[in-house]
Ligand SMILES: Cc1ncc(COP(=O)(O)O)c(C=O)c1O
């Protein structure tokens, strides 16, 4: 991997140390240029005419690139406003078929917004959520999950969904997505993977994972713009899934009294879209594919492992990450100083990261009862100088 070239494609990285890819990464120039190009064309000829001129890019090539990134078919992709929108569209559409007493399985590390949706369907439909047991590393214990499904089924329960966050945003754990997929498929249970922190970080292969649905955002490790995300809907699910909301893009009016559902995943989209942002997503996917997802993952692992180990050496700072295998999300806290205070100190030195609070994984927050944490999320574009500077300044901040 040519790190110098990658950094040259992202000039902002020369003036700061940026380690907040889990919040919103810095986009490379082609992403900005892709968006600026469509914006410029729209301002020149009007949005509808610009769309007509670039239909091939915006309606065909974009979907081909997104699909390629996760090894799906273009017909299995829908682009929406955010990861949460994608997840909710799937979740509340599935909920149309649920009945009182049905069960959803999820993990201790589920994302806070998803947890609100669980509580909401519990209130609305009396659908219950059960937490899958963790193993000694805090990951989903797949054997225990298999047994839990057997037990619930033997007790006459109907398990309607397994919903899991692949890489939680509040610590560096990675859930065993493929093994979960094997068990979900064995029991014929729908599997929804929230891959918001893993797309762009890890070489996602939906066929290997065996998920029915996958949802993610553009702005995090994929390095796209804010304000869009996408979902994968497997061809098998497309045979039956009915979106809970539809307009005349998701369905075609057949006279005034009937409609025909779109055959592809775009039944989850609406007619009006931000094409500027879509051009940014397209450029971000192409950029990641050009660099190579396996190379990105390998480099990210080297950077994160080294940084996590160096942070762990600093007196009074404790690493708060779970997981046997870990992502580029590194969380830690100081014994006596607040993370907010530490963050301010680091920002004064132009080191940008984030705080990780319990709201992003409330069940984990209740379980571990840790203080608010600092969250470093480096990416493949961070170099040795970045790591040295973080360690140097963090040592001073910790004193
Ligand atoms: C695991 C996980 N899921 C979902 C989301 C929500 O993403 P968005 O803000 O794009 O809706 C996040 C955001 O941090 C996340 O970390």
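The values are calculated or read from the model by the stated rules, or taken from the named source; none is laboratory data. All values reported here derive from a predicted model rather than from experimental measurement. Cβ atoms come from the backbone with ideal geometry, glycine included; neighbour counts cover every protein chain shown.
Evaluate region 279-292: report whether one residue or more is assigned to a loop (DSSP other than H, G, I, E, B) and within 22 Å of the chain's Cα centre (by Cα). Yes: region 279-292 contains one or more residues that are assigned to a loop (DSSP other than H, G, I, E, B) and within 22 Å of the chain's Cα centre (by Cα). Kindly indicate whether residue 95 is surrounded by 19 or more Cβ atoms within 10 Å (Cβ to Cβ), within 23 Å of the chain's Cα centre (by Cα), at pLDDT 95 or above and farther than 22 Å from residue 219 by Cα. For residue 95, the condition - surrounded by 19 or more Cβ atoms within 10 Å (Cβ to Cβ), within 23 Å of the chain's Cα centre (by Cα), at pLDDT 95 or above and farther than 22 Å from residue 219 by Cα - is met. Could you please let me know if residue 189 is outside any strand (DSSP E or B) and under 18 Å from the mean Cα position of the chain (by Cα)? Spelling it out, it is not the case that residue 189 is outside any strand (DSSP E or B) and under 18 Å from the mean Cα position of the chain (by Cα).
What are the residues in region 298-320 that are under 17 Å from residue 166 (Cα atoms) and surrounded by 20 or more Cβ atoms within 10 Å (Cβ to Cβ), if any?
Once the filter is applied, which keeps residues that are under 17 Å from residue 166 (Cα atoms) and surrounded by 20 or more Cβ atoms within 10 Å (Cβ to Cβ), region 298-320 yields only 300.
For region 226-262, the tally of residues that are under 23 Å from residue 205 (Cα atoms) and within 16 Å of the ligand (Cβ to nearest atom) stands at 5.
Residues in region 192-220 that are away from the ligand (no atom under 11 Å from the Cβ), touching a residue at least 40 places away in the same chain (Cβ under 8 Å) and within 15 Å of the chain's Cα centre (by Cα): 192, 200, 201, 202, 203, 204, 205, 206, 213, 214.
Filtering region 113-133 to residues that are crowded, with 17+ Cβ neighbours inside 10 Å, away from the ligand (no atom under 16 Å from the Cβ) and in a helix (DSSP H, G or I) leaves only 121.
The number of residues in region 61-112 being within 16 Å of the ligand (Cβ to nearest atom) and either in a helix (DSSP H, G or I) or out of contact with any strand residue (DSSP E or B) (no Cβ under 9 Å at 6 or more places or on another chain) (or both) comes to 13. Checked against the criterion of being within 16 Å of the ligand (Cβ to nearest atom) and not in a helix (DSSP H, G or I), region 139-146 contains one or more residues that satisfy it.
Residue 279 meets all of the listed conditions (1) in contact with a strand residue (DSSP E or B) (Cβ under 7 Å, 6 or more places away or on another chain); (2) closer than 28 Å to residue 40 by Cα but one, namely (1). Is it true that residue 353 is over 24 Å from residue 137 (Cα atoms), within 16 Å of the ligand (Cβ to nearest atom) and within 20 Å of the chain's Cα centre (by Cα)? Here the answer is yes, as residue 353 does meet what is asked.
Note on region 147-168: residues that are surrounded by 21 or more Cβ atoms within 10 Å (Cβ to Cβ) and either under 17 Å from residue 118 (Cβ atoms) or away from the ligand (no atom under 11 Å from the Cβ) (or both) amount to 7.
Given the structure, is residue 244 out of contact with any helix residue (DSSP H, G or I) (no Cβ under 8 Å at 6 or more places or on another chain), at pLDDT 95 or above, surrounded by fewer than 17 Cβ atoms within 10 Å (Cβ to Cβ) and in a loop (DSSP other than H, G, I, E, B)? No; evaluated as a whole, the condition is false for this residue. Residue-level check: of (1) surrounded by fewer than 24 Cβ atoms within 10 Å (Cβ to Cβ); (2) more than 13 Å from the ligand (Cβ to nearest atom); (3) under 21 Å from the mean Cα position of the chain (by Cα), residue 223 misses just (1).
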